[in-house]
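S.K.: If you scroll down you'll find the structure; I have some questions about it.
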Amino acid sequence: MLKRLKVLDQKKRMTGKRMINIAIAIALVFISCIQGPTEISAAKNQVSYMDFSWKPLHIEIGKKFHFGDLVEVHMRDNSAFWCASELKAKYSSDHPQVITIDKNGYARTKKPGKAVVTVKYQGKKVNCPVKVVKKGRFSSYISRKSAKKWEEAGKKLSKKVPVALTVENGYTMAKAIKTYINSLPNDIYDNYYGMIEGRMEAPSSICYQRAEYMMKRWVNQYHPYKYHANIIGISKTEDAILVEFIKKLSDKGLLALYFEDILEQTLGFDTSKAEIAMKIDKKHYVTYAYLKDEQGEQDYEAAVIFEKGSKIVTIKPMVAIRYADGLEQEITGDNLKLQAGHTYEISCYMLWGCETITI
């Protein structure tokens with residue numbers, strides 16, 4: 001009888017443990033559901049350090065922005081950068097009468113003075129000195145009109161930059177970035193070094209930094225150039241070179257192509273005017289390549305066409321450049337022909353650095 005009671009008692013304990021484990025598992029699933037994909041991905045990495053590179057931060061009164069966009073989070077196991085605004089960081093201000101900041105990181109400068117904003121995440125912290133000044137009290141290379149336009153553009157962009165990136169909101173963000181970059185006044189680029197010194201005219205525009213980090217991480221994870229590609233020959237229906245990937249182009253991979261294009265077109269845009277010239281389509285992506293005919297005296301500019309759900313990338317000549325007497329002559333139209341027996345060098349950064357094919 002005593003043995004049976006012991007067995008029953010042991011079964012109860014085992015059942016109790018199983019129930020506790022089930023409860024823990026349910027709790028973990030619930031927590032993972034309320035965390036965004038970005039937060040879960042970041043949680044896999046341990047924080048190396050946090051950085052605030054805007055010291056000293058001079059900013060006017062009456063500005064509203066997300067302070068976390070100014071703080072970089074560096075992970076030990078990941079070379080990519082994060083903004084604190086993407087993570088569940090904690091914020092505090094030692095002088096809320098100068099700059100107030102809520103638990104989600106949204107800040108507002110209230111009156112002239114000095115303060116220190118502290119940002120914490122995963123046991124790491126960074127102290128961010130801030131000096132709030134009256135309007136017009138620090139030098140600027142841009143006009144007040146341009147500064148106002150920049151601030152408004154930043155506010156509109158900030159509404160389209162999510163905390164956690166998905167395919168759907170990624171396309172929304174890509175279109176918003178295109179609008180943002182193309183709407184910026186020319187003279188803001190002369191203010192780049194002033195920005196480095198911390199003289200911020202339009203703090204809401206710093207949300208672009210968050211968007212840039214998101215795009216770079218997305219490209220590193222989903223870009224189709226991670227998959228090996230082979231040139232498979234010439235199309236039977238049109239005069240075009242065909243390239244095949246080992247995997248079909250997913251919706252995430254297609255979005256990565258657009259992000260890569262945005263990053264390429266805005267490279268160094270802090271110091272020079274950028275214009276994003278591309279049509280964003282959820283089913284297709286078109287970029288351009290250079291075809292060099294190694295035997296003939298004719299080279300081509302070609303359209304490189306990616307199709308969602310397809311392994312095949314089409315490289316179609318659009319413009320032929322013929323060299324005669326040292327002069328360039330452009331030939332366009334649908335009757336451009338690749339020459340049999342010729343070898344072509346294909347340069348396309350979206351596919352590879354440089355490859356050759358003999359037709």
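S.K.: Among the numbered criteria (1) at pLDDT below 85; (2) not in a strand (DSSP E or B), which one does TYR258 miss?
M.R.: (1)
S.K.: Restricting attention to the stretch 261-268, does a residue exist that is open to solvent by less than 50 Å² (accessible area, probe 1.4 Å), on the phi > 0 side of the Ramachandran plot and at pLDDT 75 or above?
M.R.: Within the stretch 261-268, not a single residue is open to solvent by less than 50 Å² (accessible area, probe 1.4 Å), on the phi > 0 side of the Ramachandran plot and at pLDDT 75 or above.
S.K.: Here's something else I'd like to know. Filtering the stretch 138-154 down to residues that are open to solvent by less than 90 Å² (accessible area, probe 1.4 Å) and outside any loop (DSSP other than H, G, I, E, B), which residue is farthest from ALA84 (Cα to Cα)?
M.R.: This residue is SER146.
S.K.: In the stretch 67-108, which residues are among the charged types (D, E, K, R) and part of a strand (DSSP E or B)?
M.R.: GLU72, LYS90, ARG108 - these are the residues of the stretch 67-108 that are among the charged types (D, E, K, R) and part of a strand (DSSP E or B).
S.K.: Condition first: surrounded by fewer than 19 Cβ atoms within 10 Å (Cβ to Cβ), in contact (Cβ under 8 Å) with a residue 24 or more places away in the chain and not charged (D, E, K, R). Now tell me which residues in the stretch 105-121 satisfy that.
M.R.: Passing the criteria: TYR106, PRO112, THR118.
S.K.: A follow-up question, please. Could you please let me know if LYS135 is touching a residue at least 24 places away in the same chain (Cβ under 8 Å) and either of a type in the set (Phe, Trp, Tyr) or in a strand (DSSP E or B) (or both)?
M.R.: Answer is no for this residue.
S.K.: Okay, moving on. Consider only pairs whose beta carbons are under 7 Å apart and that are at least six residues apart or on different chains; among these, list those whose first residue lies in the stretch 71-90 and is touching a residue at least 12 places away in the same chain (Cβ under 8 Å) and aromatic (Phe, Trp, Tyr) and whose second residue is buried (at least 22 other Cβ atoms within 10 Å of the Cβ) and in a strand (DSSP E or B).
M.R.: TRP82/VAL73
S.K.: Can you report the number of residues in the stretch 278-336 which are in a strand (DSSP E or B), of a type in the set (S, T, N, Q) and modelled with pLDDT of 80 or more?
M.R.: Residues in the stretch 278-336 being in a strand (DSSP E or B), of a type in the set (S, T, N, Q) and modelled with pLDDT of 80 or more: 2 in total.
S.K.: Additional query: Report, by residue number, each residue of the stretch 46-55 that is closer than 13 Å to VAL130 by Cα and either open to solvent by 70 Å² or more (accessible area, probe 1.4 Å) or in a strand (DSSP E or B) (or both).
M.R.: At the first step, the residues of the stretch 46-55 found to be closer than 13 Å to VAL130 by Cα are 52-55.
Listed by number, the residues that qualify are PHE52, SER53, LYS55.
S.K.: Considering the stretch 225-244 alone, what residues qualify as being at pLDDT 85 or above and of a type outside the set (Val, Ile, Thr)?
M.R.: Of everything in the stretch 225-244, those that are at pLDDT 85 or above and of a type outside the set (Val, Ile, Thr) turn out to be ALA240, LEU242, GLU244.
S.K.: Checking the structure you have, find out if any residue of the stretch 164-182 is over 22 Å from the mean Cα position of the chain (by Cα) and touching a residue at least 40 places away in the same chain (Cβ under 8 Å).
M.R.: Checking the stretch 164-182: not a single residue is over 22 Å from the mean Cα position of the chain (by Cα) and touching a residue at least 40 places away in the same chain (Cβ under 8 Å).
The values are calculated or read from the model by the stated rules, or taken from the named source; none is laboratory data. As the structure is a computational prediction, the values presented were derived from the model and not from experiment. Note: ideal-geometry Cβ built from the backbone for every residue, glycine included; neighbour counts use all protein chains shown. All accessible areas refer to the heavy atoms of the entire protein, side chains included, with ligands and DNA or RNA removed. Shrake-Rupley method; radii C 1.70, N 1.55, O 1.52, S 1.80 Å.
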